[in-house]
C-alpha cells in the first residue's frame, strides 16, 4: 500500500473511531455548528458544537467546554444561541429558553418561576428561534405542537416575555430576525401545518411571512408570490442589512431537492422579492458586511460571495466546509472541518476567501471552571469531562512549551499507544491492511 493510501486509511479509521467513541456527540461526528459573539466585543467567541458549547474570552487563544446537560438539552439537537451585551447567554431548547447570567456556569429556564397560565409563560415549550435587538430586547418564536404559538419579546434580560399578537394553534413560528439599524423592525416566518378543509379534504401546509415596524404592536403580512417552495414548505428570514432595515434576505429550505436552497432578496421591506442564489447544499448562514458584500456559507456546496449588496453571487471556494459563518465586525469566523480537509474547528478571515485556523478540539483548555454546586462543576467537569478529554486527545496539563498538534495528522488524538481506545484502532488498522493485501 502506498504512503498516501496508508494515510487515507488511517484518517478514515480515526474518523470512524472518534465518531463511534463520542461520549457526547450524540451519535454524530463531532462538528462545530454555530458561532456567536457578544455585542460590542471583539474577544468573546461562543462556539456551538455537537457535544455542547465552547466559550472563549480571549479571541480564541483558549476555549472552555460546557456540557449539553448544563445548557439544558440532549440528543441530536443543536440550540440556537445568542449573547446579550451584558454577557447573558440565551439558548433555544425543546423545553423553553435557557438563560445563563453567570458566564455559562448555570442555566435556568426563562419564566419557569411564573404561573403557567400567564400570557408570557414559555417554560416547557419549544422555543425554535431567537434574536436580540441592538436595544437589548430578546425576541423568541415558539413551535410547539398541540398549543397556540406566538412571537414573544422581553425587555428585561429574558426574565419576562410579552406575546406579540401572532398566536396560532396551526402555525409553528420558525424564524425571527431584528433589523440592526432599527430595533423596532423585525421579520418572522412560520410554517402552517396540514389542515382539514370545510369539505373534509386536506389543505396542504403553507408558509407565512410577517414584518413589524413597531416592536410587534402591529404586523404586516407579506406576499409569497415569487417563492419556490420545497415539498415541506419552509421559509426562514436570514439577514437584514446593518444599514438598511428594508434590505432583507429570506431562504426557501430544500427548494432544490434533495438538499439545495433558494435565497431571495427584498429592498422594500419584504413587499417584493427577487431570487438571487440557488445552492446545491443547505445554506448555513447569510452574512452581510458593513462594506455591502454578502457571503453565503454551505458545508458541501462551497462559499458564495456578492459584491453588489446581494444582487448577484459567485462561488469563491469549495473550502472551508462551512457549517456556520459569523461576522464579528473586525473579522469573519467560520466553522470548518476539525479534521480533513480544513483542520480547524473555527477559522478566521478578513476577506471571506482565505482562512486561518483559530482552534482545533485537541486544543481545548478544559471544562469551564465554575463553583461547586453548579451543574457545570458537579456534572460537566467532575463526571463528563474525562471522557471528552480522552476522546479528543486533550493533554491533561497544557504547558506553554508543549508541542503543538500535528496539523497533517489523521486526527487530534494524542493518547498513549497503551490506551484501550488506540489499541483497538491499531488492531482495526491491521485487519484492514491485511484485508487490502489479500484482495
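The values are calculated or read from the model by the stated rules, or taken from the named source; none is laboratory data. Computed from a predicted structure; not experimentally measured. Neighbour counts run over all protein chains shown; Cβ positions are idealised from the backbone, glycine included.
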Top-ranked residue in region 161-175 [being within 21 Å of the chain's Cα centre (by Cα) and surrounded by fewer than 23 Cβ atoms within 10 Å (Cβ to Cβ); ranked as nearest to residue 253 (Cα to Cα)]: 174
Answer with yes or no whether residue 351 is touching a residue at least 24 places away in the same chain (Cβ under 8 Å), within 21 Å of residue 41 (Cα to Cα) and surrounded by fewer than 18 Cβ atoms within 10 Å (Cβ to Cβ). no
Confirm whether residue 184 is closer than 22 Å to residue 135 by Cα and free of Cβ contacts under 8 Å to residues at least 60 places away in the same chain. yes
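May I ask you to list the residues in region 186-201 that are at pLDDT 90 or above and over 23 Å from the mean Cα position of the chain (by Cα)? Break it down into steps so the answer makes sense when it comes.
Just the residues of region 186-201 that are at pLDDT 90 or above, to begin with: 186-192.
Within region 186-201, just 192 meets the criteria.
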So which residues in region 127-146 are farther than 18 Å from residue 208 by Cα and surrounded by fewer than 19 Cβ atoms within 10 Å (Cβ to Cβ), if there are any at all? 134, 135, 136, 146
Only residues in region 110-122 that are at positive phi and touching a residue at least 24 places away in the same chain (Cβ under 8 Å) count as the first member; pair them with residues that are part of a loop (DSSP other than H, G, I, E, B) and surrounded by fewer than 13 Cβ atoms within 10 Å (Cβ to Cβ), Cβ under 8 angstrom, at least 6 apart or cross-chain, and list the lot. 111/118
Given the residues 179, 183, 158, which is the only one that is surrounded by fewer than 21 Cβ atoms within 10 Å (Cβ to Cβ) and modelled with pLDDT of 95 or more? 183
Across region 93-120, what is the total count of residues that are touching a strand residue (DSSP E or B) at 6+ places or on another chain (Cβ under 9 Å) and more than 20 Å from residue 44 (Cα to Cα)? 12
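Pull up region 294-317, narrow it to residues that are closer than 15 Å to residue 349 by Cα and within 22 Å of the chain's Cα centre (by Cα), then point me to the one that is surrounded by the most Cβ atoms within 10 Å (Cβ to Cβ). Spell out the reasoning first.
So in region 294-317, the residues closer than 15 Å to residue 349 by Cα come out as 294-297, 303-305, 316-317.
Restricting the remaining residues to those that are within 22 Å of the chain's Cα centre (by Cα) gives 294-297, 303-305, 317.
Numbers: 294: 27, 295: 26, 296: 29, 297: 27, 303: 23, 304: 23, 305: 16, 317: 14.
My answer is 296.
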Selection count, region 337-379, where residues are part of a loop (DSSP other than H, G, I, E, B) and either out of contact with any helix residue (DSSP H, G or I) (no Cβ under 9 Å at 6 or more places or on another chain) or at pLDDT below 95 (or both): 13
